Amino acid sequence: MFSINRRGFLAATGGVALATPFIMSGKARAAEFNFKFANNLPLEHPLNVRLAQAVERIRNETGGRMEIAVFPNNQLGSDTDTLNQLRSGAVEMFTLSGIILSTLVPAASINGVGFAFNDIDTVWKAMDGGLGAYVRGEIAKSRLYALENIFNNGFRQITTSTTPINGPAELKGLKIRVPVSPLWTSMFTALGCAPTSINWNETYTALQTGVADAQENPLPTINVGKLYEVQKYCSMTNHMWDGFWTLANQRAIDALPDDVRASLEKNINQAAIEERADIAELNKTLKVDLEAKGLVFNDPDTAAIRETLRTAGFYEEWRKTYGDEAWGLLEESAGKLI
(Lines give C-alpha, C1' and ligand atoms only; values in the text may rest on other atoms or scores of the structure.)
Protein backbone atom coordinates (compact mmCIF):
# COMPACT_ATOMS: atom_id res chain seq x y z
CA MET A 1 0.00 0.00 0.00
CA PHE A 2 2.80 2.38 0.87
CA SER A 3 5.54 0.69 -1.14
CA ILE A 4 6.35 3.84 -3.09
CA ASN A 5 8.26 5.17 -0.13
CA ARG A 6 8.87 2.02 1.83
CA ARG A 7 12.68 2.01 1.58
CA GLY A 8 13.05 5.65 2.50
CA PHE A 9 10.39 5.49 5.19
CA LEU A 10 11.89 2.48 6.91
CA ALA A 11 15.30 4.10 6.84
CA ALA A 12 13.90 7.24 8.41
CA THR A 13 12.23 5.27 11.19
CA GLY A 14 15.17 3.08 12.05
CA GLY A 15 14.46 0.22 9.67
CA VAL A 16 12.12 -1.59 12.06
CA ALA A 17 9.57 -3.79 10.30
CA LEU A 18 7.43 -6.81 11.07
CA ALA A 19 7.84 -10.24 9.57
CA THR A 20 4.84 -11.57 7.72
CA PRO A 21 3.30 -13.54 9.17
CA PHE A 22 4.53 -12.30 12.53
CA ILE A 23 5.00 -15.55 14.46
CA MET A 24 5.69 -15.66 18.17
CA SER A 25 9.17 -16.96 18.93
CA GLY A 26 10.17 -19.35 21.69
CA LYS A 27 11.12 -16.31 23.73
CA ALA A 28 7.64 -14.93 23.22
CA ARG A 29 6.01 -18.15 24.44
CA ALA A 30 8.13 -17.96 27.58
CA ALA A 31 6.96 -14.44 28.38
CA GLU A 32 4.63 -13.93 31.31
CA PHE A 33 2.10 -12.01 29.21
CA ASN A 34 1.44 -12.70 25.53
CA PHE A 35 -0.91 -10.60 23.41
CA LYS A 36 -2.08 -11.02 19.83
CA PHE A 37 -2.48 -7.63 18.12
CA ALA A 38 -4.38 -7.60 14.81
CA ASN A 39 -4.90 -4.91 12.19
CA ASN A 40 -6.14 -4.67 8.58
CA LEU A 41 -3.21 -2.67 7.17
CA PRO A 42 -0.30 -3.78 4.98
CA LEU A 43 3.08 -4.47 6.51
CA GLU A 44 4.56 -1.27 5.06
CA HIS A 45 1.91 1.02 6.52
CA PRO A 46 3.34 3.54 9.01
CA LEU A 47 1.00 2.16 11.67
CA ASN A 48 2.72 -1.23 11.49
CA VAL A 49 6.19 0.33 11.33
CA ARG A 50 5.53 2.40 14.43
CA LEU A 51 3.77 -0.49 16.14
CA ALA A 52 6.85 -2.69 15.65
CA GLN A 53 8.95 -0.07 17.40
CA ALA A 54 6.44 0.14 20.25
CA VAL A 55 6.44 -3.65 20.68
CA GLU A 56 10.22 -3.64 21.02
CA ARG A 57 10.13 -0.84 23.60
CA ILE A 58 7.47 -2.68 25.63
CA ARG A 59 9.54 -5.86 25.56
CA ASN A 60 12.63 -4.01 26.80
CA GLU A 61 10.85 -1.93 29.43
CA THR A 62 9.12 -4.98 30.93
CA GLY A 63 12.29 -7.08 30.92
CA GLY A 64 10.72 -9.55 28.50
CA ARG A 65 7.66 -10.11 30.69
CA MET A 66 5.38 -8.92 27.88
CA GLU A 67 5.44 -10.02 24.25
CA ILE A 68 3.06 -8.80 21.57
CA ALA A 69 2.64 -10.71 18.31
CA VAL A 70 1.36 -8.43 15.55
CA PHE A 71 -0.77 -9.81 12.72
CA PRO A 72 -1.17 -7.22 9.93
CA ASN A 73 -3.26 -7.23 6.77
CA ASN A 74 -6.33 -9.07 8.13
CA GLN A 75 -4.26 -12.22 8.73
CA LEU A 76 -6.66 -13.29 11.49
CA GLY A 77 -9.83 -12.64 9.46
CA SER A 78 -12.05 -9.82 8.24
CA ASP A 79 -12.67 -6.75 10.36
CA THR A 80 -15.98 -8.20 11.55
CA ASP A 81 -14.41 -11.57 12.35
CA THR A 82 -11.52 -10.01 14.22
CA LEU A 83 -13.80 -7.70 16.20
CA ASN A 84 -15.71 -10.78 17.35
CA GLN A 85 -12.42 -12.46 18.29
CA LEU A 86 -11.44 -9.37 20.26
CA ARG A 87 -14.71 -9.38 22.18
CA SER A 88 -14.36 -13.09 22.98
CA GLY A 89 -10.72 -12.75 24.06
CA ALA A 90 -9.24 -14.85 21.25
CA VAL A 91 -7.41 -11.66 20.17
CA GLU A 92 -6.25 -9.22 22.83
CA MET A 93 -5.79 -6.05 20.72
CA PHE A 94 -7.04 -4.69 17.39
CA THR A 95 -6.88 -1.37 15.52
CA LEU A 96 -10.13 -0.52 13.76
CA SER A 97 -11.74 2.42 11.96
CA GLY A 98 -14.29 4.21 14.09
CA ILE A 99 -16.71 4.16 11.16
CA ILE A 100 -16.54 0.35 10.97
CA LEU A 101 -16.66 0.08 14.77
CA SER A 102 -19.95 2.01 14.66
CA THR A 103 -21.77 -1.24 13.82
CA LEU A 104 -21.16 -2.07 17.49
CA VAL A 105 -20.67 1.41 18.98
CA PRO A 106 -22.81 3.93 17.02
CA ALA A 107 -21.01 6.98 18.42
CA ALA A 108 -17.68 5.78 17.02
CA SER A 109 -18.49 7.10 13.54
CA ILE A 110 -19.02 10.71 14.64
CA ASN A 111 -15.54 11.72 13.49
CA GLY A 112 -16.71 10.90 9.93
CA VAL A 113 -19.48 13.51 9.80
CA GLY A 114 -19.12 15.24 6.44
CA PHE A 115 -17.01 18.42 6.33
CA ALA A 116 -16.99 18.69 10.12
CA PHE A 117 -13.24 19.33 10.35
CA ASN A 118 -11.54 22.13 8.45
CA ASP A 119 -8.02 20.79 9.01
CA ILE A 120 -6.04 18.11 10.81
CA ASP A 121 -5.32 20.33 13.84
CA THR A 122 -9.07 20.55 14.46
CA VAL A 123 -9.27 16.77 14.24
CA TRP A 124 -6.70 16.33 16.99
CA LYS A 125 -8.36 18.99 19.14
CA ALA A 126 -11.54 16.90 19.03
CA MET A 127 -10.14 13.38 19.13
CA ASP A 128 -7.52 14.09 21.81
CA GLY A 129 -10.08 16.12 23.73
CA GLY A 130 -13.67 15.83 24.83
CA LEU A 131 -15.08 14.11 21.76
CA GLY A 132 -12.46 11.36 21.83
CA ALA A 133 -13.02 10.83 25.55
CA TYR A 134 -16.76 10.53 24.97
CA VAL A 135 -16.30 7.93 22.22
CA ARG A 136 -13.91 5.92 24.41
CA GLY A 137 -16.55 5.92 27.11
CA GLU A 138 -19.12 4.57 24.66
CA ILE A 139 -16.65 1.90 23.53
CA ALA A 140 -16.18 0.83 27.17
CA LYS A 141 -19.91 0.05 27.38
CA SER A 142 -19.22 -2.79 24.90
CA ARG A 143 -16.61 -4.26 27.26
CA LEU A 144 -13.74 -3.05 25.11
CA TYR A 145 -10.98 -0.66 26.14
CA ALA A 146 -9.82 2.07 23.75
CA LEU A 147 -6.38 3.59 24.19
CA GLU A 148 -6.19 7.36 24.40
CA ASN A 149 -4.53 8.31 21.10
CA ILE A 150 -6.17 7.37 17.80
CA PHE A 151 -4.04 6.55 14.74
CA ASN A 152 -4.45 8.63 11.56
CA ASN A 153 -6.12 7.22 8.45
CA GLY A 154 -6.54 10.68 6.95
CA PHE A 155 -9.02 12.77 5.03
CA ARG A 156 -10.98 11.28 2.15
CA GLN A 157 -10.96 12.75 -1.38
CA ILE A 158 -13.31 12.33 -4.37
CA THR A 159 -12.02 10.95 -7.68
CA THR A 160 -14.05 10.97 -10.89
CA SER A 161 -13.78 9.84 -14.50
CA THR A 162 -16.06 12.59 -15.81
CA THR A 163 -15.34 16.06 -14.40
CA PRO A 164 -13.51 17.59 -11.44
CA ILE A 165 -15.65 18.49 -8.43
CA ASN A 166 -15.43 22.26 -8.04
CA GLY A 167 -18.52 22.70 -5.88
CA PRO A 168 -22.05 21.37 -5.31
CA ALA A 169 -23.07 21.60 -8.98
CA GLU A 170 -20.76 18.77 -10.13
CA LEU A 171 -22.10 16.47 -7.42
CA LYS A 172 -25.68 16.51 -8.71
CA GLY A 173 -26.51 13.09 -10.14
CA LEU A 174 -22.93 11.82 -9.75
CA LYS A 175 -22.80 8.02 -9.66
CA ILE A 176 -20.39 7.57 -6.77
CA ARG A 177 -19.23 4.36 -5.14
CA VAL A 178 -19.41 4.45 -1.34
CA PRO A 179 -18.71 1.85 1.35
CA VAL A 180 -21.63 -0.03 2.84
CA SER A 181 -22.40 2.55 5.55
CA PRO A 182 -25.47 4.67 6.38
CA LEU A 183 -23.28 7.72 7.09
CA TRP A 184 -21.77 7.72 3.58
CA THR A 185 -25.05 7.02 1.81
CA SER A 186 -26.82 9.73 3.76
CA MET A 187 -24.18 12.37 3.03
CA PHE A 188 -23.91 11.80 -0.69
CA THR A 189 -27.69 11.55 -1.08
CA ALA A 190 -28.01 14.93 0.66
CA LEU A 191 -25.51 16.32 -1.86
CA GLY A 192 -27.69 15.15 -4.76
CA CYS A 193 -25.41 12.28 -5.80
CA ALA A 194 -26.51 8.79 -6.74
CA PRO A 195 -24.48 6.79 -4.18
CA THR A 196 -23.95 3.10 -4.81
CA SER A 197 -22.73 0.85 -1.99
CA ILE A 198 -20.00 -1.38 -3.42
CA ASN A 199 -17.45 -3.48 -1.55
CA TRP A 200 -13.86 -2.37 -1.93
CA ASN A 201 -12.76 -5.49 -3.81
CA GLU A 202 -15.34 -4.71 -6.54
CA THR A 203 -14.63 -0.97 -6.80
CA TYR A 204 -12.01 -1.00 -9.57
CA THR A 205 -14.25 -3.04 -11.87
CA ALA A 206 -17.28 -0.87 -11.07
CA LEU A 207 -15.34 2.24 -12.08
CA GLN A 208 -13.86 0.55 -15.13
CA THR A 209 -17.26 -0.57 -16.45
CA GLY A 210 -19.14 2.62 -15.61
CA VAL A 211 -21.31 1.17 -12.86
CA ALA A 212 -19.94 4.15 -10.93
CA ASP A 213 -18.23 7.28 -12.27
CA ALA A 214 -16.64 8.31 -8.99
CA GLN A 215 -15.44 7.09 -5.62
CA GLU A 216 -13.93 8.56 -2.44
CA ASN A 217 -10.98 7.43 -0.32
CA PRO A 218 -7.76 8.69 1.28
CA LEU A 219 -4.86 9.13 -1.16
CA PRO A 220 -3.01 5.98 0.00
CA THR A 221 -6.07 3.84 -0.79
CA ILE A 222 -6.48 5.51 -4.19
CA ASN A 223 -2.85 4.62 -4.87
CA VAL A 224 -2.90 1.01 -3.68
CA GLY A 225 -6.12 0.35 -5.59
CA LYS A 226 -4.57 1.77 -8.80
CA LEU A 227 -7.69 3.85 -9.22
CA TYR A 228 -5.68 6.35 -11.26
CA GLU A 229 -6.03 3.80 -14.09
CA VAL A 230 -9.82 4.25 -14.20
CA GLN A 231 -10.22 7.78 -12.82
CA LYS A 232 -9.04 11.09 -14.25
CA TYR A 233 -9.64 13.74 -11.59
CA CYS A 234 -8.96 13.93 -7.86
CA SER A 235 -10.76 16.72 -6.01
CA MET A 236 -9.26 17.47 -2.59
CA THR A 237 -12.57 17.67 -0.75
CA ASN A 238 -11.32 16.45 2.65
CA HIS A 239 -14.96 15.57 3.17
CA MET A 240 -14.48 12.98 5.92
CA TRP A 241 -11.73 12.14 8.38
CA ASP A 242 -11.18 8.66 9.74
CA GLY A 243 -8.77 7.08 12.18
CA PHE A 244 -7.96 3.75 13.80
CA TRP A 245 -8.81 3.22 17.45
CA THR A 246 -6.51 0.84 19.34
CA LEU A 247 -8.93 -1.51 21.06
CA ALA A 248 -8.15 -4.04 23.78
CA ASN A 249 -10.17 -6.83 25.31
CA GLN A 250 -11.14 -5.38 28.68
CA ARG A 251 -10.50 -8.56 30.66
CA ALA A 252 -7.08 -9.05 29.07
CA ILE A 253 -5.83 -5.56 29.75
CA ASP A 254 -7.26 -5.51 33.27
CA ALA A 255 -5.26 -8.68 34.03
CA LEU A 256 -1.94 -6.91 33.41
CA PRO A 257 0.09 -5.63 36.37
CA ASP A 258 0.08 -1.85 36.64
CA ASP A 259 3.67 -1.42 35.42
CA VAL A 260 3.20 -3.67 32.36
CA ARG A 261 -0.08 -2.00 31.44
CA ALA A 262 1.48 1.44 31.81
CA SER A 263 4.33 0.48 29.45
CA LEU A 264 1.91 -0.93 26.90
CA GLU A 265 -0.35 2.12 26.89
CA LYS A 266 2.47 4.66 26.90
CA ASN A 267 4.31 3.12 23.97
CA ILE A 268 1.31 2.41 21.76
CA ASN A 269 -0.04 5.92 22.36
CA GLN A 270 3.41 7.23 21.39
CA ALA A 271 3.29 5.11 18.23
CA ALA A 272 -0.03 6.71 17.30
CA ILE A 273 1.37 10.23 17.69
CA GLU A 274 4.39 9.35 15.53
CA GLU A 275 2.22 7.67 12.88
CA ARG A 276 0.13 10.81 12.51
CA ALA A 277 3.14 12.77 11.33
CA ASP A 278 4.22 9.92 9.07
CA ILE A 279 0.83 9.89 7.30
CA ALA A 280 0.89 13.65 6.81
CA GLU A 281 4.31 13.44 5.17
CA LEU A 282 3.37 10.43 3.08
CA ASN A 283 0.27 12.17 1.72
CA LYS A 284 2.44 14.98 0.34
CA THR A 285 4.58 12.47 -1.54
CA LEU A 286 1.58 10.49 -2.78
CA LYS A 287 -0.03 13.55 -4.36
CA VAL A 288 3.10 14.13 -6.44
CA ASP A 289 3.29 10.46 -7.41
CA LEU A 290 -0.39 10.26 -8.33
CA GLU A 291 -0.05 13.36 -10.51
CA ALA A 292 2.81 11.61 -12.30
CA LYS A 293 0.45 8.65 -12.88
CA GLY A 294 -2.09 10.91 -14.58
CA LEU A 295 -4.49 12.11 -11.89
CA VAL A 296 -5.42 15.77 -12.20
CA PHE A 297 -5.85 17.47 -8.81
CA ASN A 298 -8.00 20.46 -7.90
CA ASP A 299 -9.21 22.25 -4.75
CA PRO A 300 -13.02 22.62 -4.71
CA ASP A 301 -15.23 25.10 -2.86
CA THR A 302 -15.84 22.97 0.24
CA ALA A 303 -17.70 25.74 2.10
CA ALA A 304 -20.44 25.66 -0.54
CA ILE A 305 -20.66 21.87 -0.37
CA ARG A 306 -20.93 21.99 3.42
CA GLU A 307 -23.72 24.58 3.15
CA THR A 308 -25.58 22.23 0.80
CA LEU A 309 -25.44 19.54 3.48
CA ARG A 310 -26.73 21.97 6.10
CA THR A 311 -29.70 23.14 4.07
CA ALA A 312 -30.55 19.55 3.11
CA GLY A 313 -30.92 18.68 6.81
CA PHE A 314 -27.97 16.28 6.90
CA TYR A 315 -26.45 17.68 10.09
CA GLU A 316 -29.78 17.86 11.90
CA GLU A 317 -30.48 14.23 11.01
CA TRP A 318 -27.17 13.04 12.43
CA ARG A 319 -27.39 15.28 15.49
CA LYS A 320 -30.54 13.35 16.42
CA THR A 321 -28.74 10.06 15.72
CA TYR A 322 -25.72 10.81 17.89
CA GLY A 323 -27.53 12.78 20.58
CA ASP A 324 -27.03 16.28 21.97
CA GLU A 325 -24.05 15.45 24.19
CA ALA A 326 -21.92 13.90 21.44
CA TRP A 327 -22.95 16.55 18.90
CA GLY A 328 -22.12 19.33 21.34
CA LEU A 329 -18.62 17.91 21.83
CA LEU A 330 -18.16 17.71 18.05
CA GLU A 331 -19.17 21.33 17.58
CA GLU A 332 -17.01 22.39 20.52
CA SER A 333 -13.98 21.62 18.37
CA ALA A 334 -15.32 21.81 14.82
CA GLY A 335 -17.58 24.85 15.21
CA LYS A 336 -21.31 25.10 14.56
CA LEU A 337 -22.60 22.78 11.86
CA ILE A 338 -26.31 23.54 12.12
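Anything in region 226-242 that is surrounded by 24 or more Cβ atoms within 10 Å (Cβ to Cβ) and more than 19 Å from Phe188 (Cβ to Cβ)? List them, or say none.
Matches in region 226-242: none.
Looking at region 38-54, can you tell me whether even one residue there is over 14 Å from Asn267 (Cα atoms), part of a helix (DSSP H, G or I) and out of contact with any Gly (no Cβ under 8 Å at 6 or more places or on another chain)?
Just the residues of region 38-54 that are over 14 Å from Asn267 (Cα atoms), to begin with: 38-46.
Cutting the leftovers down to part of a helix (DSSP H, G or I) gives us 46.
Restricting the remaining residues to those that are out of contact with any Gly (no Cβ under 8 Å at 6 or more places or on another chain) gives 46.
Yes.
Any residue that is surrounded by 20 or more Cβ atoms within 10 Å (Cβ to Cβ) and modelled with pLDDT under 95 - is there at least one of those in region 202-211?
Going through region 202-211, the residues surrounded by 20 or more Cβ atoms within 10 Å (Cβ to Cβ) turn out to be 203, 207.
Then drop every residue that is not modelled with pLDDT under 95, which leaves 203.
Yes, region 202-211 contains a residue that is surrounded by 20 or more Cβ atoms within 10 Å (Cβ to Cβ) and modelled with pLDDT under 95.
Looking at Asn217, Asn223 in this structure, which one is crowded, with 16+ Cβ neighbours inside 10 Å, modelled with pLDDT under 95 and farther than 21 Å from Ile150 by Cα?
Working: Asn217 fails: farther than 21 Å from Ile150 by Cα.
Among Asn217, Asn223, only Asn223 is crowded, with 16+ Cβ neighbours inside 10 Å, modelled with pLDDT under 95 and farther than 21 Å from Ile150 by Cα.
Across region 107-129, what is the total count of residues that are closer than 28 Å to Arg251 by Cα and over 16 Å from the mean Cα position of the chain (by Cα)?
1
Out of all the residues in region 224-234, is one or more assigned to a helix (DSSP H, G or I), hydrophobic (A, V, I, L, M, F, W, C) and without any contact (Cβ under 8 Å) to a residue 60 or more places away in the chain? First the steps, then the outcome.
Going residue by residue through region 224-234, those that are assigned to a helix (DSSP H, G or I) are 224, 227-229.
When the remaining residues are screened for being hydrophobic (A, V, I, L, M, F, W, C), the result is 224, 227.
Applying the additional criterion that residues be without any contact (Cβ under 8 Å) to a residue 60 or more places away in the chain yields none.
Scanning region 224-234, I find no residue that is assigned to a helix (DSSP H, G or I), hydrophobic (A, V, I, L, M, F, W, C) and without any contact (Cβ under 8 Å) to a residue 60 or more places away in the chain, so the answer is no.
Going through region 101-112 one residue at a time, which ones are crowded, with 23+ Cβ neighbours inside 10 Å, modelled with pLDDT of 95 or more and not small (Gly, Ala, Ser)?
Within region 101-112, Ile110, Asn111 qualify.
For Asp254, all conditions in the list (1) exposed (fewer than 13 other Cβ atoms within 10 Å of the Cβ); (2) acidic (Asp, Glu); (3) in contact with a strand residue (DSSP E or B) (Cβ under 6 Å, 6 or more places away or on another chain) hold save one; what is the number of the exception?
Answer for Asp254: the failing condition is (3).
Can Thr302 be described as among the hydroxyl-bearing types (Ser, Thr, Tyr), in contact with a helix residue (DSSP H, G or I) (Cβ under 9 Å, 6 or more places away or on another chain) and surrounded by fewer than 21 Cβ atoms within 10 Å (Cβ to Cβ)? Outline the logic, then answer.
Numbers: among the hydroxyl-bearing types (Ser, Thr, Tyr): yes; in contact with a helix residue (DSSP H, G or I) (Cβ under 9 Å, 6 or more places away or on another chain): no; surrounded by fewer than 21 Cβ atoms within 10 Å (Cβ to Cβ): yes.
So Thr302 does not fit the description; no.
Quick check: anything in region 91-100 within 27 Å of Gly225 (Cα to Cα), of a type in the set (Gly, Ala, Ser), touching a Gly at 6+ places or on another chain (Cβ under 8 Å) and surrounded by 20 or more Cβ atoms within 10 Å (Cβ to Cβ)?
There is at least one residue in region 91-100 that is within 27 Å of Gly225 (Cα to Cα), of a type in the set (Gly, Ala, Ser), touching a Gly at 6+ places or on another chain (Cβ under 8 Å) and surrounded by 20 or more Cβ atoms within 10 Å (Cβ to Cβ).
For residues in region 64-90 being among the hydroxyl-bearing types (Ser, Thr, Tyr) and under 20 Å from Phe151 (Cβ atoms), which is surrounded by the fewest Cβ atoms within 10 Å (Cβ to Cβ)? Step through it out loud before you land on a result.
Going through region 64-90, the residues among the hydroxyl-bearing types (Ser, Thr, Tyr) turn out to be 78, 80, 82, 88.
Next cut, under 20 Å from Phe151 (Cβ atoms) only: 78, 80, 82.
Details: Ser78: 10, Thr80: 12, Thr82: 24.
Per the stated criteria, the residue is Ser78.
Inspect all residues belonging to region 270-293 and state whether any of them is in a loop (DSSP other than H, G, I, E, B) and either under 20 Å from Asp121 (Cα atoms) or touching a residue at least 12 places away in the same chain (Cβ under 8 Å) (or both). Steps first, please.
If we filter region 270-293 for residues that are in a loop (DSSP other than H, G, I, E, B), which is where we start, we get 293.
Now drop any that are not either under 20 Å from Asp121 (Cα atoms) or touching a residue at least 12 places away in the same chain (Cβ under 8 Å) (or both), which leaves 293.
Checking region 270-293: at least one residue is in a loop (DSSP other than H, G, I, E, B) and either under 20 Å from Asp121 (Cα atoms) or touching a residue at least 12 places away in the same chain (Cβ under 8 Å) (or both).
The values are calculated or read from the model by the stated rules, or taken from the named source; none is laboratory data. Since we're looking at a predicted model, the values are computed, not measured. Backbone-built Cβ (ideal geometry, glycine too); neighbour counts: all protein chains shown.
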